[in-house]
Amino acid sequence: MPRGDKSSYTDKQKRQAEHIEDSEKDRGRSTETAERIAWATVNKQDGGGNKGGRATKKATKKAAKKAPKKAAKRVAKKATRKAPKKATKKATKKATKKATKKATKKATKKATKATKKATKKATKKATKKATKATKKATKKATKKATKKATKKATKKATKKATKKATKKAAR
């Protein structure tokens, strides 16, 4: 029998394959892929075509005997795969949490540093401005006081000189 020949399959198997193929197409698979999956599924369920002689019945019996063993192996394999997956998932979650915490800490530190720097700069600027204003006010007050004192002293000296001159002239 040539490869791909479906004559050894029963009508029921052919209907099953057709139904599976339609389902796979609905899921978006190509026609070739859907057909391949359909016949592979039928072969797995029934152990190949059921029409014919003694050889196919033996194969079916063997497949039936192997099924419980295969199922047990499959379950064991899943269990061994699940444990590392769980551990990996846990480790990944832990690492992600740690990295997030570290990044947050770093960002907070950076922001605090920037805030301190800005505050320091603003304080320095304000102090400089206040000092400048104080100097200016002091200079102005000193100038005013000096001018007033000079004016007063000049007035006093003029008065005194006038008095002296008047006394001398009267003698």
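Here is a check on your reading of the model: is Thr92 at pLDDT 90 or above and part of a helix (DSSP H, G or I)? For Thr92, the condition - at pLDDT 90 or above and part of a helix (DSSP H, G or I) - is not met.
A Cβ distance below 8 Å, combined with a sequence gap of six or more or placement on separate chains, defines the contacts here; from segment 38-50, residues that are within 14 Å of Lys12 (Cβ to Cβ) reach residues that are polar (S, T, N, Q) and assigned to a loop (DSSP other than H, G, I, E, B) in the pairs Gly48/Ser8; Gly49/Ser7; Gly49/Ser8; Gly49/Thr10; Asn50/Ser8; Asn50/Thr10.
The values are calculated or read from the model by the stated rules, or taken from the named source; none is laboratory data. Please read all numbers here as calculations on a predicted model, not as lab measurements. Methodologically, a virtual Cβ is constructed for each residue, glycine included, from the backbone with ideal geometry; neighbour enumeration extends over all protein chains shown.
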